[in-house]
Amino acid sequence: MSESRNGQKDAYELILDAIDVGVYKPGDRLVESELADRFGVSRTPIREALQRLETQSLLARDGRSLIVASLNHNQLAELYAVRAELEGLAARLAAQHAAPEEIKVLRNMVEEDRGRLDKPEALARTNRRFHKQLHLASHNRYLVQQLDMVHRTMALLATTSLAVEGRSATAIAEHDAIVKGIEARDGEAAATALKIHISQAFETRLKLDSGAE
């Protein structure tokens with residue numbers, strides 16, 4: 001990893017994090033020299049990171065420039081379809097293999113999020129942590145790797161669906177149902193609850209993108 005004032009994160013992670021939190025949004029141009037200055041690293045690792053992100057389709061070419069990619073309707077539908085199946089499997093496996101301590105962490109995350117109903121941006125961050133913890137609780141490294149790729153692409157969504165009125169409370173209730181399935185060691189219930197959660201998130205996303213109220 002490259003050394004920088006940002007600690008242990010390398011250039012790839014730094015740029016990806018910046019996209020994830022909305023510093024760079026779909027359509028924004030990324031310039032090597034500006035990124036190097038921002039993150040305090042040399043241009044070589046920045047260049048390598050940009051090439052890697054382009055290979056992963058997180059960046060796209062606009063003439064000679066690289067811009068943050070955006071997802072069209074079909075890509076969005078494909079992404080949520082894959083996410084539902086993979087995360088459903090993660091929930092099923094978590095019900096089988098998660099340690100009691102991992103289940104307790106998931107439960108605590110749900111309870112703590114009840115205090116963030118009026119803070120959609122904070123809830124979006126804890127939502128990502130919840131899903132990551134769920135992936136790890138599956139105890140399947142290959143599934144976790146595939147889900148990491150899916151969630152990297154989710155960073156291209158410029159706004160959080162949790163900002164839609166009423167969605168925060170509903171999403172927390174859906175997380176609660178997922179954890180209840182895992183707590184009961186009922187893989188089918190956990191997977192079903194997870195798929196419902198992703199379906200509702202996708203529907204909310206489509207409404208958000210269409211400008212519907």
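Name the single residue, out of those in region 130-154 being modelled with pLDDT of 95 or more and of a type in the set (K, R), that is nearest to the chain's Cα centre (by Cα). Restricting to residues being modelled with pLDDT of 95 or more and of a type in the set (K, R), the top hit is K132. Residue under question is E48, and the condition is that it be more than 17 Å from the chain's Cα centre (by Cα), in a helix (DSSP H, G or I) and in contact (Cβ under 8 Å) with a residue 12 or more places away in the chain; does it hold? Judged against the criteria, E48 is a match. Restricting attention to region 167-182, the residues that are farther than 20 Å from A124 by Cβ and surrounded by 17 or more Cβ atoms within 10 Å (Cβ to Cβ) total 2.
Considering region 28-45, the residues that are touching a strand residue (DSSP E or B) at 6+ places or on another chain (Cβ under 6 Å) and assigned to a loop (DSSP other than H, G, I, E, B) include one that is surrounded by the most Cβ atoms within 10 Å (Cβ to Cβ), namely V41. The residues of region 107-146 that are hydrophobic (A, V, I, L, M, F, W, C), crowded, with 19+ Cβ neighbours inside 10 Å and farther than 17 Å from A90 by Cβ, listed by number, are L123, A124.
One residue is enough: does region 150-166 have a residue meeting the conditions open to solvent by less than 80 Å² (accessible area, probe 1.4 Å), in a helix (DSSP H, G or I) and farther than 28 Å from I15 by Cβ?
For region 150-166, residues open to solvent by less than 80 Å² (accessible area, probe 1.4 Å), in a helix (DSSP H, G or I) and farther than 28 Å from I15 by Cβ: absent.
Within region 56-72, is there a residue that is polar (S, T, N, Q) and in a helix (DSSP H, G or I)? No; the residues of region 56-72 include none that is polar (S, T, N, Q) and in a helix (DSSP H, G or I). Inclusion of Q96 among residues that are in contact (Cβ under 8 Å) with a residue 40 or more places away in the chain, surrounded by fewer than 19 Cβ atoms within 10 Å (Cβ to Cβ) and either closer than 30 Å to A171 by Cβ or in contact with a helix residue (DSSP H, G or I) (Cβ under 6 Å, 6 or more places away or on another chain) (or both) is warranted.
The values are calculated or read from the model by the stated rules, or taken from the named source; none is laboratory data. As the structure is a prediction and not an experimental result, all values here were calculated from the model. Glycine also receives a Cβ, built like all others from the backbone with ideal geometry; neighbour counts cover every protein chain displayed. The area values use the complete protein model at the heavy-atom level, side chains included, leaving out ligands, DNA and RNA. Shrake-Rupley method; radii C 1.70, N 1.55, O 1.52, S 1.80 Å.
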